[in-house]
Amino acid sequence: MQSKLSDIELIEQTLTGNQAAYADLVKRHQRFVFTLALRFAKNREDAEEIAQDCFIKAYRSLSAFQRQSKFSTWLYSIVYTTAMTFLRKKRVDTDSIDDENTYIQLENSSSSHDINSAENKSRSYYLNQAITQLMPDDAAIITLFYMGEQSLDEISKTLGIEANTVKVKLFRARQRLKEKLEHNLKHEVKELI
Amino acid sequence: MNTIEEKLWNYIDGTCSEEERKAIDILIAQDEVYRRKYEELLALNQEFSKMELDEPPMAFTYNVMEAIRAEHAQQPLKASINKRIIKVISGFFIVSIALMLIMVISSVHTGGTANISVHLPDSLRLPDIKNYLSKPVLEGFLFFDIVLGLFLFDAWLRRKSVSKQV
């Protein structure tokens, strides 16, 4: 059962040494942090590592949290920087994976085996599939806007860019998501025929 | 220049101006192309809003808390400094200084008949404090005090504004 205390109250309690309060804070935000990490990492193991790292970093610098913005905005900015660092590191370790097509291949190879028929694929499945095929930045901006319920200003703080740039990026990300969704649905219809 | 889609997304998000909103209202009502596009984007927007969050592994919270415990990450927190310990230490010093002062005061003869003469060794040369307390030194000391005062005042104001926000 999750705590009814606000984020700020839980932070205050954590700062007085109550680790259980921080566990409540983790439980409250873990789903979104994990989802956001998954948008960058593209696989659950790496996403878990990024998300875990974020909560540890947030704990370490909790006393530095200024409370001028929401805790979630501050936490998501940690997720963004941690994920970007992770991606950069991964790019060095492996061959370039920044090509958009690679993401599509990765997604197709990992998900095709567990799908038996078009009947059990809901439209939300296709949407999730399409979002995983987007570039990390696009996927993150869509996730922050729709799932994190962040305003354009809050997203601009999280990503460290101007609100107007966020608006433009969001527009482009939505367009790309729409294209991917349409492409996937068409592809599926062709397969059925 | 904004495309139809861009204008409609701004309209759906509520980020366009009042004038633009009114203009788009009219276009949606009168222009079939606009209306269809609006309905398409609105449906898409609703679909995007229904996207579900992914679930992390069951032991996620436990793993995070274990990692925190393992790293002794609680050290940087201000919570790790027990205020009671600081109070006990400062209390000890205050009591010690007070006792010393009482002892010194009680050992002083107040009768006025005592003839106290202190003889210092000839080789001992005490520094003349007046030499060190020159004008630049005093000004520097004063400047440092002012800066320190402003810094503490700023910290106090910050704490006050934070507690107000809470």
Q. Does B:L124 satisfy the condition of being modelled with pLDDT under 85 and either over 30 Å from A:R176 (Cβ atoms) or among the polar types (S, T, N, Q) (or both)?
A. yes
**Q.** Residue that is modelled with the lowest pLDDT [pool: residues in segment B:54-81 that are in contact with a Phe, Trp or Tyr (Cβ under 7 Å, 6 or more places away or on another chain) and not in a helix (DSSP H, G or I)]
**A.** B:A73
Q: Starting from residues that are modelled with pLDDT under 80 and exposed (fewer than 10 other Cβ atoms within 10 Å of the Cβ), keep the ones in segment B:82-95 and report whichever is farthest from the chain's Cα centre (by Cα).
A: B:R84
Q) Got a number for residues in segment A:122-173 being under 24 Å from A:F86 (Cα atoms) and not in a helix (DSSP H, G or I)? A) 8
Q: Would you point out the residue of segment A:59-94, among those that are within 10 Å of another protein chain (Cβ to nearest Cβ) and of a type in the set (A, V, I, L, M), that is surrounded by the most Cβ atoms within 10 Å (Cβ to Cβ)?
A: A:L62
Q) Do any helices (runs of 4 or more DSSP H) entirely within segment B:1-53 hold 2 or more residues that are over 25 Å from A:L144 (Cα atoms), and if so, which? A) B:18-30, B:32-49
Q. Among the residues of segment A:39-48 satisfying the criterion of being without any contact (Cβ under 8 Å) to a residue 60 or more places away in the chain and at the interface with chain B (Cβ under 10 Å from one of its Cβ atoms), which is surrounded by the fewest Cβ atoms within 10 Å (Cβ to Cβ)?
A. A:E45
(Q) Take the residues in segment A:156-168 that are within 12 Å of chain B (Cβ to nearest Cβ) and crowded, with 17+ Cβ neighbours inside 10 Å; name whichever of them is farthest from A:N43 (Cα to Cα). (A) A:K167
Q. Any chance segment A:21-36 includes a residue that's over 12 Å from the mean Cα position of the chain (by Cα), surrounded by fewer than 19 Cβ atoms within 10 Å (Cβ to Cβ), over 20 Å from B:E66 (Cα atoms) and not assigned by TED's automatic domain parsing to the domain that holds A:T158?
A. no
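The values are calculated or read from the model by the stated rules, or taken from the named source; none is laboratory data. Quick caveat: nothing in here was measured; it's all calculated off a predicted structure. As a convention, Cβ positions derive from the backbone with ideal geometry for all residues, glycine included, and neighbour counts pool all protein chains shown.
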